[in-house]
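Throughout, read-outs are computed from the coordinates displayed, never taken from laboratory work. Owing to the predicted nature of the structure, the values given are computational and were not obtained by experimental measurement. Cβ coordinates were reconstructed from backbone atoms using ideal geometry, including for glycine residues, and neighbour counts include every protein chain displayed.
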Amino acid sequence: MKKILLLCLFFVTMLTARADDGYRLWLRYELVSNPQLLANYRNAITSIYFAGTSAAIIAAKDELQMGLEGLLGRKYVLQNNLSSNQLVIGTPKSSPVVAGLSLNAQLAKAGDEGFVIVNSKKDQKNIIAIVGNTDIGVLHGVFHFLRLLQTQQNIQSLSITSAPKIKYRLLNHWDNLNRTVERGYAGYSIWNWHTLPGYIDQRYIDYARANASIGINGAVVTNVNANATILTKEYLEKVAALANVFRPYGIKIYLTARFSAPIEIGKLKTADPLNAAVKQWWKDKIDEIYKYVPDFGGFLIKANSEGQPGPQDYKRSHADGANMFAEALAPHGGIVMWRSFVYSNESPEDRLKQAYAEFKPLDSKFKNNVAIQVKNGPLDFQPREPFSPLFGAMPKTPLFMEYQLTQEYLGFSTHLVFMAPLFKEVLNADTYQKGKGSTVAKVLDGSLDGLTLSGMAGVSNIGNDINWTGHLFGQANWYTLGRLSWNYELSSAQIANEWIRQTFGNTRQLVDTVDKIMLSSREAMVNYMTPLGLHHIMGYGHHYGPAPWFDKASRADWNPVYFHKADSVGIGFDRTEKGTNYLSQYAPEVKKVYENIDTCPEEYLLWFHHVPWNHKMKSGRNLWDEMCYRYYAGVDSVRLMQKQWNSLEKLVDKQRFNQVKMLLAVQEKEAVWWRNSCLLYFQTFSKMPIPAGYEKPDQTLEYYKNLNFPFAPGNGR
Ligand code: BDP
């Protein structure tokens, strides 16, 4: 009996040990599963020499000890002298031993945040050196080394020199002070402003660890639709407490600045950026911020967009506004990220043209600590958009990339979509600014125009859900932002592979299958939501689900009908010279390809053209049939993803397996909803049948039109 009880206990413990709620993200540090490899790793690492005493070094040491204990099942005590099979870690400045490794040539390429990891021999001893020019570089190196172990790489002939290609690598949290998250689908904000500064939630530390592990070095912690209260003394104390948590991990804190703050909390009568009292107010405020946070990063500002206050309220330009902040931040080393996502209520102009029209004339007007932060596409984070024409149009101004990790238009946190292919598509796009090969990536990293500020930001998908992102696979998009901003040359497949191995394990079948799911997921979504260049046909306001029929919004360009323009002739938005001529904002080479209906890539067809229903597509099908084909293919892909996932039941812990399984079922249902409702609606214009052989929609168009979601998440302020 006792034996049976013990046995039961054993199995229960086994099961609970296998359960995983996803909290640990990609930093799971599970015991290396391959026994041979485990033995090799243990032989190669018998001790650690770790130089330095700073907070960053302590964070790195703690991480390494924790990581190795998990991965290799051994506790490591730090040693003061060199021995064989040792990890030797530090900077040349902090240790003569490290300086003696003669890694100067490599270190010259590692910069302030990068690192060198090499196998080396010192005094006849085999060692692995993890070295940086700075303590933060060392921390990044340690995280990279742990990644090598977690992904089961060979560590016998390491020769790595790594430095970030992009300087500012940021998360943008659209988090409100009351903890709601604009367009957030993973619970409430992780920032508990009420209990700060006294209470430091472990989550803040784990957040910083996760970011440091992928090289993210900044966090804008407040919503772009800003609240001036964050700039008051009481809140700055809270900001300082967060900054203290982030600092050892090489992460700077940034805030959003509400343009009208001088009126709201400063009791001034105006916020005119050329007014001396206003300027002084911001200067004093910024000096005050730096007293609380000596390494404060700067401001992200949304002005004169969607009702936010800004310089144009005083007939001043975006440059006047941005430069006012820039002047006050410059002495402290802070920067201004001024958003180009502007479109005015009054202008009837094609909304896509407005950012370019407002910002291009201001090229060269900004101070040198100002960057313009541009959304990847000209509209608003759709499943697929062409690149924003601002990339390639402002050679004198640093442009930061803004991606959206939170899935406002991509199925919220119930749809699995791996965004690396979306991000890469934009980075690889050719602007032709200086002839062929002028990719968005080269504009972004400053190399095309010799600019030194460079940045990439992702609107965060993080909330206080136990697994951070709601959908487990949302973690992969956070991971991607970090890895790509560090090195945009990594392929989507490489990033997926790394993430899977760290998140789920290294079993071949597991890695290969999840890889297939991830790499097909974005195209699947484009197909079942907005194939062939359709855009913004989501539910009004909350953006949940399909509503291509919606035409009741107060502004024309908030209506899906404005964007798809379906009629009895065809469908799509004519942005050629015959239409809004948006295409003229691109370089002639780009324009030429897109303006011709025969050379325009089909994935952008309805973005640029109003196309007749019977237009012959490359497949030989007419447009209507092709549209049906795509919508059905999208649903089929989700069903395949389900099958693939189900085949992994034995290889993934129960909790995470079931979570993803349930969410894929939701996704399938919603993909069918998208397909059926869009096709039934567009059919009222095409008057053509859904081709034979396809399953027929099981609901009427009326049914879909009547669906209502008053409490769809993410909409609250
Ligand atoms: C839109 C969102 C809105 C944001 C805005 C922005 O719907 O909630 O405030 O973008 O980026 O996509 O400022």
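In table form, for the structure just shown:
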item	result
When residues of segment 409-453 are limited to those that are farther than 16 Å from S388 by Cβ and polar (S, T, N, Q), the one surrounded by the most Cβ atoms within 10 Å (Cβ to Cβ)	S413
Pairs with Cβ under 6 Å, 6+ apart, first in segment 407-423 and in a helix (DSSP H, G or I), second within 15 Å of the ligand (Cβ to nearest atom)	F412/Y185; S413/Y185; F423/Y403
Neighbours by Cβ (under 9 Å, 6+ apart or cross-chain): first from segment 462-484, without any contact (Cβ under 8 Å) to a residue 24 or more places away in the chain; second surrounded by fewer than 24 Cβ atoms within 10 Å (Cβ to Cβ) and assigned to a helix (DSSP H, G or I)	none
Every pair of residues 6+ apart whose Cβ atoms lie under 8 Å, when the first sits in segment 214-243 and is at positive phi while the second is away from the ligand (no atom under 16 Å from the Cβ) and part of a loop (DSSP other than H, G, I, E, B)	G215/E113; G215/P164
Residue count, segment 361-402 (criterion: away from the ligand (no atom under 16 Å from the Cβ) and in a loop (DSSP other than H, G, I, E, B))	18
Candidate set: segment 173-210, residues that are β-branched (V, I, T) and farther than 18 Å from A243 by Cβ; chosen: the one surrounded by the fewest Cβ atoms within 10 Å (Cβ to Cβ)	T180
Residues that are over 25 Å from the mean Cα position of the chain (by Cα) and either closer than 14 Å to F473 by Cα or not in a helix (DSSP H, G or I) (or both), drawn from segment 643-654	S647, L648, E649, K650, L651, V652, D653
Residue count for segment 255-272, restricted to those that are more than 32 Å from the chain's Cα centre (by Cα) and part of a loop (DSSP other than H, G, I, E, B)	8
Among (1) within 16 Å of the ligand (Cβ to nearest atom); (2) assigned to a loop (DSSP other than H, G, I, E, B); (3) on the phi < 0 side of the Ramachandran plot - the single one F299 does not satisfy	(2)
Members of segment 669-701 that are within 17 Å of H564 (Cβ to Cβ) and outside any helix (DSSP H, G or I)	K687, M688
Matching residues, segment 324-348, being more than 16 Å from the ligand (Cβ to nearest atom), over 13 Å from F259 (Cβ atoms) and of a type outside the set (A, V, I, L, M)	E327, P331, H332, G333, G334, E346, S347, P348
Any hit, segment 506-527, residues being more than 30 Å from L149 (Cβ to Cβ) and in contact with a helix residue (DSSP H, G or I) (Cβ under 6 Å, 6 or more places away or on another chain)	yes
Residues of segment 509-567 that turn out to be among the aromatic types (F, W, Y) and part of a helix (DSSP H, G or I), as a count	4
Checklist (1) in contact with an Asp or Glu (Cβ under 9 Å, 6 or more places away or on another chain); (2) of a type in the set (A, V, I, L, M); (3) within 16 Å of the ligand (Cβ to nearest atom) applied to L177, failing item	(1)
Among (1) closer than 30 Å to L453 by Cα; (2) among the basic types (K, R); (3) away from the ligand (no atom under 16 Å from the Cβ) - the single one R183 does not satisfy	(3)
L231 away from the ligand (no atom under 16 Å from the Cβ) and over 26 Å from L146 (Cα atoms)	yes
Residue list for segment 480-503, restricted to those being surrounded by 23 or more Cβ atoms within 10 Å (Cβ to Cβ) and aromatic (F, W, Y)	W486, W499
Matching residues, segment 206-220, being assigned to a loop (DSSP other than H, G, I, E, B) and within 16 Å of the ligand (Cβ to nearest atom)	none
